[in-house]
Amino acid sequence: MKGRLVIPLCLAVAALGSACAGISFGRRVTDDEVILQQEIHSYYNQVQEAFATANPDALVSLFSPSITHPMSHQEIKAWAEKFFKENRNGHFKIEKLSFEGLSYIKASVVLTYKVETPEHKGDFGGTERDTLVKDHGHWYVAGWDKVDPNEKAKIETLLHSPY
């Protein structure tokens, strides 16, 4: 009797396993989310360009004029001028970019990056949480904080879906 139950039981387990293989627990990403994520990626391309061209004004223009944390707009400008004077330029490389929160006017991302300078004297990098805001069609960093690279990210989307 035990031998007769093994084959049907194995078939039932196989059928159940194959049925579960097609189930996806991920949520659908909307077209608006894809567009907003592309805008954020474009923002970081501008950061790369500012470092590559050693342009402190271009770099500073990517930060909100009202930024206060962890540096003010003037402090960022002074840092950028000193950095480019000492290092000529830098290669800003994104190692990982993940979205934590996303809406039409605000985003929170965790960014792991490196900046490499021609003589490697000014190299730096890290993992930070950037808060970006959109104003008049442009994204700006409104603040950033260092984060533990092993921290698990959560995704919060604040888009209104018609569904």
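The values are calculated or read from the model by the stated rules, or taken from the named source; none is laboratory data. These figures come from a predicted structure and were not determined experimentally. Cβ coordinates were reconstructed from backbone atoms using ideal geometry, including for glycine residues, and neighbour counts include every protein chain displayed.
Give the residue, chosen from GLU119, GLU75, GLU100, GLU95, that is in a helix (DSSP H, G or I), out of contact with any Cys (no Cβ under 8 Å at 6 or more places or on another chain) and either charged (D, E, K, R) or modelled with pLDDT under 95 (or both).
Unique residue meeting the criteria: GLU75.
Considering each residue of region 46-64, count those that are in contact with a Phe, Trp or Tyr (Cβ under 8 Å, 6 or more places away or on another chain), closer than 18 Å to ASP135 by Cα, of a type in the set (S, T, N, Q) and assigned to a helix (DSSP H, G or I), and give that number.
The total comes to 0.
Can you tell me which residue is nearest to SER61 (Cα to Cα) among those in region 71-88 that are polar (S, T, N, Q) and surrounded by 14 or more Cβ atoms within 10 Å (Cβ to Cβ)?
Per the criteria, the residue is SER72.
Quick one: in region 33-60, of everything that is hydroxyl-bearing (Ser, Thr, Tyr) and under 19 Å from the mean Cα position of the chain (by Cα), which residue is surrounded by the fewest Cβ atoms within 10 Å (Cβ to Cβ)?
Checked region 33-60; the qualifying residue surrounded by the fewest Cβ atoms within 10 Å (Cβ to Cβ) is SER42.
Return the residue satisfying two criteria in turn: it lies in region 135-161 and is farther than 27 Å from LYS85 by Cα and in contact with a helix residue (DSSP H, G or I) (Cβ under 8 Å, 6 or more places away or on another chain), and of such residues it is modelled with the lowest pLDDT.
THR157
For region 119-129, does any single residue satisfy the condition of being free of Cβ contacts under 8 Å to residues at least 24 places away in the same chain, loosely packed, with under 12 Cβ neighbours inside 10 Å, farther than 19 Å from SER72 by Cα and of a type outside the set (A, V, I, L, M)?
yes
Here is a list: ALA54, ALA78. Which entry is hydrophobic (A, V, I, L, M, F, W, C) and touching a helix residue (DSSP H, G or I) at 6+ places or on another chain (Cβ under 8 Å)?
The unique qualifying residue is ALA54.
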